[in-house]
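S.K.: The structure's right below; bear with me while I get my questions together.
Each reported figure results from applying straightforward, stated rules to the coordinates on display, with no laboratory input. Just so you know, these numbers come straight off a predicted model, no measurement behind them. Because the Cβ atoms are built from the backbone with ideal geometry, glycine has one as well, and the counts that use them run over all protein chains shown.
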Amino acid sequence: MVKTGSSMIAIKVKDEDYLVVIGGYGSSSNNTPPQPSAQYSKDGDIQWCNEIHMYRLKTGEWTSPTVTGDRPPPIYNFTLTSITNTTAILFGGYDGHRMSNDVYVFEFTDTSVKCTKFSNPGRSVQWPKERSLHSSVLINCSSRPHLLVVGGLGTSDCWLLNINKMEWKELTNIPDSVTDRLRNSLSVWNETQTTHWIIEFGGIGSDYSSISDTRFIEM
């Protein structure tokens with residue numbers, strides 16, 4: 001379907017390059033046929049989906065992979081971040097009714113994707129609140145890959161996820177000038193295995209004014 005609020009990553013399977021597009025929302029009045037096995041939610045002229053498409057760069061062909069496991073619901077305005085050539089992680093988003101703080105890990109082959117969901121177990125476990133329109137970036141450090149999440153709608157915080165252990169930690173020493181924004185861009189420069197620079201640009205502040213500054217955070 002024609003959409004916005006989706007997310008795209010690049011993967012490499014069997015030495016071939018693919019793009020993967022997940023989720024999003026758009027007009028329900030277009031004539032794009034639904035993807036087999038995908039789900040759609042509708043509100044007036046707008047619908048959102050959990051479509052998963054793969055684009056094979058070598059042939060220019062779009063395919064619909066076989067999806068197994070815990071497929072996300074129809075959702076948009078989440079982050080999708082590559083972990084390895086064949087795995088990725090989705091966090092947060094909005095399903096048309098509520099924001100999410102669930103984590104999904106995707107494992108891709110050239111014809112399929114396996115989805116595994118991780119939710120807040122409750123109790124005293126640290127876990128970020130629900131959000132959308134946030135930003136995320138992967139940090140490859142000496143202690144395995146971590147996902148850094150910054151800001152988002154209704155939030156002003158920063159979290160670090162140990163992906164292998166699925167353990168969250170809130171970073172409380174990050175200034176509000178970095179965390180109090182949404183729709184911003186985020187990138188990482190791994191200077192060494194132990195020194196990482198997070199570069200943040202633009203976005204929208206909590207007062208919904210546009211931001212044009214650049215912030216650098218050493219991790």
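S.K.: Rounded to the nearest whole Å³, what is the per residue volume of the convex hull around the Cα atoms of the chain?
M.R.: Working: hull volume 31.3 nm³, N = 219.
Hull volume over Cα atoms, normalised by residue count, gives 143 Å³.
S.K.: Which pairs in the list 3/129; 3/42; 12/114; 129/169; 12/58; 117/165 are over 18 Å apart, alpha-carbon to alpha-carbon? Mind showing how you got there, number by number?
M.R.: Values: 3/129 26 Å; 3/42 13 Å; 12/114 16 Å; 129/169 12 Å; 12/58 12 Å; 117/165 14 Å.
The pairs that break the limit, which is 18 Å between Cα atoms, are 3/129.
S.K.: Karplus couplings for segment 56-64 from phi (6.51 cos²θ - 1.76 cosθ + 1.60, θ = phi - 60°), rounded to Hz, Gly and Pro as x?
M.R.: 8, 5, 5, 10, x, 9, 8, 10, 10
S.K.: Say the dipole of segment 133-219 comes from +1 at the beta carbon of Lys and Arg and -1 at that of Asp and Glu; which of 139, 199, 150 then lies farthest toward its positive end?
M.R.: 139
S.K.: I want the local charge near residue 72. Using Cβ-Cβ distances under 12 Å, sum +1 for each Lys or Arg and -1 for each Asp or Glu among the other residues.
M.R.: On the way: positive: 71, 117; negative: 51, 70, 95, 102.
With Lys, Arg at +1 and Asp, Glu at -1, the net is -2.
S.K.: Give, as a single signed number, the net charge of other residues whose beta carbon lies under 15 Å from the beta carbon of residue 30, with Lys and Arg counted +1 and Asp and Glu -1.
M.R.: After counting each charged neighbour, the total is 0.
S.K.: Please compute the net charge surrounding residue 177, taking Lys and Arg as +1 and Asp and Glu as -1 over other residues with Cβ under 12 Å from its Cβ.
M.R.: Values: positive: 181, 215; negative: 176, 180, 200, 213.
Residues close to residue 177 contribute a combined charge of -2.
S.K.: Rounded to the nearest 500 deg cm²/dmol, what is the calculated helix-only ellipticity per residue at 222 nm for the chain, with -39500 (n - 2.57) per DSSP H run of length n ≥ 4? Each step should come with its number before you reach the end.
M.R.: Values: 1 runs with 4 residues, N = 219.
That calculation yields -500 deg cm²/dmol at 222 nm.
S.K.: Okay, next question. May I ask you to list the trypsin sites (Lys or Arg not before Pro) in segment 47-117 that are in a DSSP loop and have at most 15 other Cβ atoms within 10 Å of their Cβ?
M.R.: Those that pass, being in a loop and sparsely packed, are 58, 98.
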